[in-house]
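Okay, so here's the structure we're looking at.
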Amino acid sequence: MSEPISALNHASYDGIAKVEECGLQGMITLRGDLSDKVLAKAVKDATGQKVPGQREALVKGDTGVCWMSPDELLVLVQYAEVNAKLADIAGALSGTHALAANVSDARAVFRVSGPNAREVLGKLAPVDLSPDAFQPGQIRRSRLAQVAGAFWMDDAETFRVVCFRSAADYVFKLLKVAAQPGSEVGFY
Amino acid sequence: MLTLKCPFTGAMLDETELHCGGEAHRKRFGPGSSDEDFETYMFVRENRKGVHFELWLHAYGIGKWFIAARDTETLEVYGTYPAQTTEPPQDIKDAITAKRPGWSWREFE
Amino acid sequence: MSTRLAKQGRLIDRSKKVTFTFNGNSMQGYEGDTLASALLANDQMMVGRSFKYHRPRGVVASGAEEPNALVGLGQGNRFEPNQRATTTELFNGLTAVSQNHWPNLEYDIGAVNTALARFLPAGFYYKTFIHPKPFWKHVYEPFIRQSAGLGKAPDKDSRDADTYEHFYAFTDVLVIGGGVAGLQAAKTAAGSGAKVLLIEQTAHWGGRAPVDGGDVDGMPVDKFVEQLVSELETMGNVTMRNRCMGAGVYDHGYVLGYERLSDHAPGTQGPRHRLWRIRAKQVVTATGAIERPLSFAGNDVPGVMLASAMRDYVVNWGVTPGERVIVATNNDDAYRTGIILKQAGVDVLRVVDARPTAGPLAEEARALGIRVDPGKAIAKVKGGKRVKKVAICNQEGIGGAREEVECDAVAMSGGWSPVVHLWSHCGGKLIWDEAQAHFRPDPSRPPLGANGEGFVLAAGSSNGPLALPEVLTNADAAGKAAAKAAGFKPKSTKAPKGESMSEAAMEPVWLMPANAEIGLRMKSWLDFQNDVKVSDVQLAAREGYESVEHTKRYTTLGMATDQGKLSNINGLAILADALDAEIPKVGTTTFRPPYTPISMGAIGGEARGEVFQPIRRTPMHDWHDKNGADWEPVGHWRRTYAYVRPGESVHDAVNREVKNTRENLGLLDASTLGKLIVKGPDAGKFLDMMYTNMMSTLKVGKCRYGLMCSENGFLIDDGVVARIDEDTWLCHTTTGGAERIHAHMEEWLQTEWWDWKVYVANVTEQYAQVAVVGPNARKVLEKLGGMDVSKDALPFMEWRDGKIGDFDCRAYRISFSGELSFEIAVPASQGQAFWNDLMEAGKEFGVMPYGTECLHILRAEKGFIMIGDETDGTVIPQDLGLHWALSKKKEDYLGKRAHSRTHMADPDRWKLVGLETVDGSVIPDGAYAVGSGVNANGQRNMIGRVTSTYYSANLDRGIAMGLIKHGPDRMGEIVEFPGTDGKTYKAKIVDPIFYDKDGEKQNV
């Protein structure tokens, strides 16, 4: 097999926050009945996490699971393991009405970190990102300027941002503009 | 620039995240239906000053459709609820009645 | 002359000199000056020319309401026209130029218009530029274009050097305006624990109060402001922003704030402007009030200024606009200007007070030795480019029996109008206040929010009260009410106690003198920038313009860049008088955002240059770019139109690709085609509804071409569907269609058939898909090794999973070119590597990449339709001869009911045919076919149009497809297509399949 390459191959930028493309991340879109026990077990086996509640992101490093909608999860696993985990999940759910698809290559993942990380995202997404409204453990799917994106916080100063692979270059440039030196807002 | 509460995520959504799908609670008429029924289904739309039911999609987001019961005159939002229903839930109807006694909209009141 | 005073100037730092230029002349000011104060300090009375008559114009105000002092600011990539000198903070190296004159400010040819003024009344343009009709294009339009616009547009080659951004802020209470009212409202709101954002358009806190004076809780008001500001600064739940204007208030608490970060220090790192997109639970507008001019003849001569502005220049910047000043007023407040000028050592010749008796402030003025003339009016100000003399008469009367007084400046005050713009933007209503003669917010009819309750509260003088004590109690209450409405519990604190001198009532004066004769009314300006006079509004009323909105547009009153901040109330009072109606009956024009003009850069935000628009890139994008790609936008995608080699034209490249793909081997990056997985027990049933043909019967391992119609019957998409397993299908969509069709499917699943068990996932970007096309296609895949791609192992319209070379892939044996063709999908992360291997292995087989134009030509040679070319939202499958794709077995599918409407079954619908030009030339794109006769407009009747037209290198001739009335029944007939180039193209109607009619080439 040839060496896989992520959309921007670890590009990074330092401004009022640090912006990095995270490289390859195993991602599985899982649609099904989130209250189903078989599904919950498949998620637990793949990630060690329970099925997240509304707008929850249960992520540790490159493994975890995010709530995407009432019938959709984003399962995060190591890139190298994605085919095996997908086969496990598909196997476990073979008797249930569900859909699991590998979307690792369909997406790009960024990390935005630093004390101004909230502000950088706050320039692009029409979302209340003040600490009392948005916390680590929560996920929001919204708009990053003109494209769709999802983000959650790994800790108080770090966001993970997911977008479509084709828009990776646009989103990276957007984040660079939003993180340009001298653009601190000082709102949060 | 409206803001609507998404009944699926519980989040307040900005109008720029949303796409409006027009009149809600339409009944589909397919093959075999009369010209009149098909015309009504396809082309005739409520255009009220006052209480209105509209489909909205969280387009930049979770991709789910919901219905907003709102007032096109005052911009008041009486409530939002998932689109998987053929008529407005009772609590939404009650909320409207509290503000607009005697309201009616198509077959609902 | 106007000059800098030895003392005064609370905002300037006399130790820091600042050098700037005006019309190329070097001048000096101080740090803290505005451009307007610095110009006045340099005795630059005239700063521009008015729009219509090119009259000399001087600074008239001191803030955002300024209509006159508009300049072109900056140079080159930072040049901006129409910038208000009064809101421009001075900095070293500032360059400003005046506007609307030629050859220069002092001597302006256009000023001849002022001599012709009596021939250029309101509506002149409407009445004149109508007849004769032929004049419009070549005489009137060029003339109007030449005289349109005030400032100069930036040079066409310059590019804005700055960056801009948006910021989404959410707050409980937003307070707009940082004067005493705004500060006090913010404090009481924040005291409840609510999150408060306080924005102020100027660089300073406190608004007018430090200039107007008074005491609060026993201390001078400026000290009170200082104390309030430092208190607010320490509160963790308060964010304060100056240089940030509340630009507009919109639905559901949405407010735009316009922050000017570096206008006062150009080139500073970071964005120049930031547009705050604020969502507030409650909004307090503490936007103050604006003084009204008085309407007397010559009130537009440079040196005539608002009384409050003159006071500002003295107190804030230590500048006096004149040495011998006359004050004209209808209220007590203007006496403060007289008093402050007098105290600063300026000769205040007299106060002309239109009221028969003056109030307590008059006594104070008299005590300082200022002459007060009650019951008097200004009949006329004399002087061209600056004030020279004032003729004084009785207010009652037509303006006779004048006394002339020499002076060099006039301070005028017609009373105060609350700034109700932001209250009004989202539907807040106004009431007429008889006592103050102004419109103020009607608290019982505020703008309504999402909960049906008001979400805007006006505070301070923007709410009506003008005196300090009432302003403070009003603002205190507004802050508390806002916090409460936002869901917080305000503390029960006492409002600060303000003290200021009591004032006698003002008296409305809409014209000075009251019955001014026509000669005076024709010189009494209402709108200084657009040159609208009292006589113009009266003329409009006589000509039947009763609505204030119509009068506005007829006369252009209030339509200048200041949007009538000074002129509106005076104008509508004149209109009301002329119509013999009450002012509130006439009403105001609509207040629309933004409050003052905001930059286009701020509106665009980050969306410029590289991120103007998203550009979607396939995994092989960079390779295409390095290999001569001529790009074509397809939605947000960029696809290669053709790979242009050195020395080739784009046309050459396309022809080379077209021939090579038919003769050897072509590669197409097909990654942009949509790929949707549809899975579930009801997936087959669902797809049978989505597509016009039957998908549920498709066998696992096979592919089928499908059509999608809207419920209205029109074609919306097409593509190949593959059945993956018992309950899973993979649907290909067009390049632009993935998101659209995904959304279309979800809409039906969520809003109509929500009980059907189907899940859809868009996996378009998971794969890089390469079309391997041409007689050598199989050879190159066999050379790479892996899965069996022989005719028997992978027949036409089937798919297999396997490996090619090193790559896990799914291979589809499908063809959009009529050639032997495979579409191979590999993981996107390996797309480039796969492409590289194909290019390398394909060398011996004559491989060339090809672009979208070649794709189009190849499919057109085969008569394959393209969504967006053959379809335009009005075309049904039957028009394109696709009856075979409409299932007769299915009871229902989207579009089926619509297809039985009479119009859809009309035999006269235009139908698809091939078109072969008689002389081999190429019919122009979009050309229409004409028949005999003419329509009601005298145009030739149309009988069809071209939908696709190309030069085919393989056939060495022009080929086209088109929709022609009764087309399929007219094979062999010649139709005419007049081109816009004057030529008429003759084409024969033929079968749309031009190449390999039996399909032998793809089936090998």
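The values are calculated or read from the model by the stated rules, or taken from the named source; none is laboratory data. In this text the structure is predicted, and so the values were computed from the model without any measurement. All Cβ positions, even for glycine, are placed from backbone atoms using ideal geometry, and neighbour counts span all protein chains on display.
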| note | By residue number, the members of region C:442-484 that are more than 18 Å from C:TYR250 (Cβ to Cβ) and hydrophobic (A, V, I, L, M, F, W, C) are C:ALA459, C:LEU466, C:ALA467, C:LEU468, C:VAL471, C:LEU472, C:ALA475, C:ALA477, C:ALA478, C:ALA481, C:ALA483
| said: List the residue pairs whose Cβ atoms are under 9 Å apart, where the first residue sits in region A:128-145 and is more than 9 Å from every other protein chain (Cβ to nearest Cβ), the second is of a type in the set (Lys, Arg), and the two are 6 or more positions apart or on different chains. | reply: A:PRO131/A:ARG118; A:PHE134/A:ARG118; A:PHE134/A:ARG140; A:GLN138/A:ARG55; A:ILE139/A:ARG55
| Looking only at region C:153-190, which residues are assigned to a loop (DSSP other than H, G, I, E, B) and either surrounded by fewer than 22 Cβ atoms within 10 Å (Cβ to Cβ) or within 14 Å of another protein chain (Cβ to nearest Cβ) (or both)? | C:ALA153, C:PRO154, C:ASP155, C:LYS156, C:ASP157, C:SER158, C:ARG159, C:ASP160, C:ALA161, C:ASP162, C:THR163
| query | Could you list, in sequence order, the residues of region A:57-72 that are within 13 Å of chain B (Cβ to nearest Cβ) and more than 16 Å from A:VAL109 (Cβ to Cβ)? | reply | A:TRP67, A:SER69, A:PRO70, A:ASP71, A:GLU72
| query | Taking region C:688-706 as the region of interest, how many residues are farther than 27 Å from C:ALA828 by Cα and touching a residue at least 24 places away in the same chain (Cβ under 8 Å)? | reply | 10
| field | C:GLU823 touching a residue at least 60 places away in the same chain (Cβ under 8 Å) and either buried (at least 23 other Cβ atoms within 10 Å of the Cβ) or not aliphatic (A, V, I, L, M) (or both) | value | yes
| query | Does region A:23-45 contain any residue that is within 30 Å of C:THR618 (Cα to Cα), more than 12 Å from every other protein chain (Cβ to nearest Cβ) and touching a residue at least 40 places away in the same chain (Cβ under 8 Å)? | reply | no
| task | For region C:665-672, indicate whether the set of residues that are within 14 Å of chain A (Cβ to nearest Cβ), surrounded by fewer than 20 Cβ atoms within 10 Å (Cβ to Cβ) and within 23 Å of A:VAL147 (Cα to Cα) is non-empty. | result | no
| message | Going residue by residue through region C:687-710, is there one that turns out to be within 14 Å of another protein chain (Cβ to nearest Cβ) and assigned to a strand (DSSP E or B)? | response | yes
| request: Report the residue count in region C:735-757 for those that are out of contact with any Ser or Thr (no Cβ under 9 Å at 6 or more places or on another chain) and touching a residue at least 40 places away in the same chain (Cβ under 8 Å). | output: 7
| Any idea which residue in region C:67-110 is nearest to the chain's Cα centre (by Cα), counting only those that are of a type in the set (Gly, Ala, Ser) and either surrounded by 17 or more Cβ atoms within 10 Å (Cβ to Cβ) or closer than 16 Å to C:GLN44 by Cβ (or both)? | C:GLY72
| said: Looking at A:ALA106, A:ALA100 in this structure, which one is buried (at least 23 other Cβ atoms within 10 Å of the Cβ), more than 14 Å from chain B (Cβ to nearest Cβ) and over 24 Å from A:HIS10 (Cβ atoms)? | reply: A:ALA100
| For the subset of region C:675-685 comprising residues that are of a type outside the set (D, E, K, R) and within 13 Å of another protein chain (Cβ to nearest Cβ), which member is farthest from C:ALA768 (Cα to Cα)? | C:PRO681
| note | C:ASN655 vs (1) surrounded by fewer than 24 Cβ atoms within 10 Å (Cβ to Cβ); (2) within 14 Å of another protein chain (Cβ to nearest Cβ); (3) not basic (Lys, Arg): all pass except (2)
| So which strands (runs of 3 or more DSSP E) stay within region C:412-487 end to end and still have 2 or more residues that are surrounded by fewer than 19 Cβ atoms within 10 Å (Cβ to Cβ)? | C:430-433
| For region C:234-268, how many residues are part of a loop (DSSP other than H, G, I, E, B), at pLDDT 95 or above and within 11 Å of chain A (Cβ to nearest Cβ)? | 3
| If you take the residues in region C:610-632 that are closer than 30 Å to C:ASP160 by Cα and surrounded by 21 or more Cβ atoms within 10 Å (Cβ to Cβ), which one is farthest from the other protein chains (Cβ to nearest Cβ)? | C:ALA629
| task | Considering every residue within region A:72-84, establish whether at least one is part of a helix (DSSP H, G or I), touching a Gly at 6+ places or on another chain (Cβ under 7 Å) and charged (D, E, K, R). | result | yes
| message | Filter region C:562-606 down to the residues that are aliphatic (A, V, I, L, M), more than 20 Å from C:ALA540 (Cα to Cα) and crowded, with 17+ Cβ neighbours inside 10 Å and list them by number. | response | C:ILE598, C:ALA602
| said: Here is a check on your reading of the model: is C:GLY713 small (Gly, Ala, Ser), closer than 20 Å to C:LYS888 by Cβ and either surrounded by 18 or more Cβ atoms within 10 Å (Cβ to Cβ) or modelled with pLDDT of 95 or more (or both)? | reply: yes
| request: Would you check if B:ALA68 is under 25 Å from A:ARG140 (Cβ atoms), aliphatic (A, V, I, L, M) and within 10 Å of the chain's Cα centre (by Cα)? | output: yes
| said: Looking at C:LEU955, C:LEU963 in this structure, which one is aliphatic (A, V, I, L, M), not in a strand (DSSP E or B) and not assigned by TED's automatic domain parsing to the domain that holds C:ASN664? | reply: C:LEU955
| Test result for C:THR980, among the hydroxyl-bearing types (Ser, Thr, Tyr) and surrounded by fewer than 21 Cβ atoms within 10 Å (Cβ to Cβ) | yes
| request: Please indicate, with yes or no, whether at least one residue in region C:587-609 is within 14 Å of chain A (Cβ to nearest Cβ), closer than 30 Å to A:GLY95 by Cα and in a helix (DSSP H, G or I). | output: no
| request: Please indicate, with yes or no, whether at least one residue in region C:281-304 is touching a helix residue (DSSP H, G or I) at 6+ places or on another chain (Cβ under 9 Å), under 30 Å from C:ASN92 (Cβ atoms) and within 14 Å of chain A (Cβ to nearest Cβ). | output: no
| Count of region C:966-977 residues which are assigned to a loop (DSSP other than H, G, I, E, B), surrounded by 14 or more Cβ atoms within 10 Å (Cβ to Cβ) and small (Gly, Ala, Ser) | 0
| Restricting attention to region C:749-783, which residues are part of a strand (DSSP E or B) and either within 37 Å of the chain's Cα centre (by Cα) or facing chain A (nearest Cβ under 10 Å) (or both)? | C:TYR759, C:VAL760, C:ALA761, C:ASN762, C:TYR767, C:ALA768
| query | What single numbered condition from (1) within 17 Å of C:ILE974 (Cβ to Cβ); (2) of a type outside the set (Phe, Trp, Tyr); (3) surrounded by 20 or more Cβ atoms within 10 Å (Cβ to Cβ) fails to hold for C:ASP919? | reply | (3)
| said: Can you go through C:PRO293, C:PRO302 and tell me which one is more than 28 Å from C:GLY182 (Cβ to Cβ) and not hydrophobic (A, V, I, L, M, F, W, C)? | reply: C:PRO302
